[in-house]
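The block underneath contains the structure these notes are about, expressed in structure tokens.
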Amino acid sequence: MAFGTQHNFTLALVDDTQIEANASPCIMVGRFILGLIKGVLVGAAVAAVLVKGLGIVTWGAPIAYVAAVVTGLLTALVSGKAIWVRDAGVENAIKAVAAVLIGTVGMYAVRKWLPYTVDLSMLQAGAGKLGDLPAAALPMVGTLLALMFEIDNTGESAKEAGREQARARIAEGASHKRLEDVDVSDELAAETPARRRARH
């Protein structure tokens, strides 16, 4: 009975941190690639609305930061644990707040510390500094956020796989413990008649 309690307690100690540590590197690479794709697509979609739909080829700071916030919110909805996943409401609310902050800071960083000039006139998306062009800046902001959310998300399949491995290890340990108990019982049973004969 005591062993059963110890078994349950040991299983409870297998937390998400241990499960994440056992995640396959292939899964992490897959999330990285998925984050790149999602970030570029979301950023490019918002940029397309601005450039093609509203005719905003270049912008000033106010529009840039508003667009960064919109890009961040959309990225938060589809990256990591997406909005359509069950029980993702609280996590998505937290991601939305983080997306607003990180998206704004990311746009500030692009405009201030990446003063490189690009020419996107072939795409009818303007030419100028990275931070002045929606078609250049927004995919960068979206990619930054998507990578963070995807890598942070452990994924239910990875968690379940980690739990199965933990259960297997615990079951193996329990089996060894039972075998040891049986061996000890057999030794005691074998020694008891000998001791009785020695007493007589």
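Based on what the data block shows, is VAL46 out of contact with any helix residue (DSSP H, G or I) (no Cβ under 7 Å at 6 or more places or on another chain) and either surrounded by 18 or more Cβ atoms within 10 Å (Cβ to Cβ) or assigned by TED's automatic domain parsing to the domain that holds LEU145 (or both)? Here the answer is no, as VAL46 does not meet what is asked. Once the stretch 19-40 is narrowed to residues that are surrounded by 17 or more Cβ atoms within 10 Å (Cβ to Cβ) and farther than 30 Å from ARG167 by Cβ, the residue that is modelled with the lowest pLDDT is GLY35. For VAL105, the requirement of being without any contact (Cβ under 8 Å) to a residue 40 or more places away in the chain, surrounded by fewer than 20 Cβ atoms within 10 Å (Cβ to Cβ) and not in a helix (DSSP H, G or I) is not met. Of a type in the set (Gly, Ala, Ser), surrounded by fewer than 18 Cβ atoms within 10 Å (Cβ to Cβ) and farther than 30 Å from ARG86 by Cα, is that true of ALA127? Yes, satisfied.
The values are calculated or read from the model by the stated rules, or taken from the named source; none is laboratory data. This structure is a prediction, so every number in the text was calculated from the model and none was measured. So basically every Cβ, Gly included, is an ideal-geometry build from the backbone, and we count neighbours across all protein chains shown.
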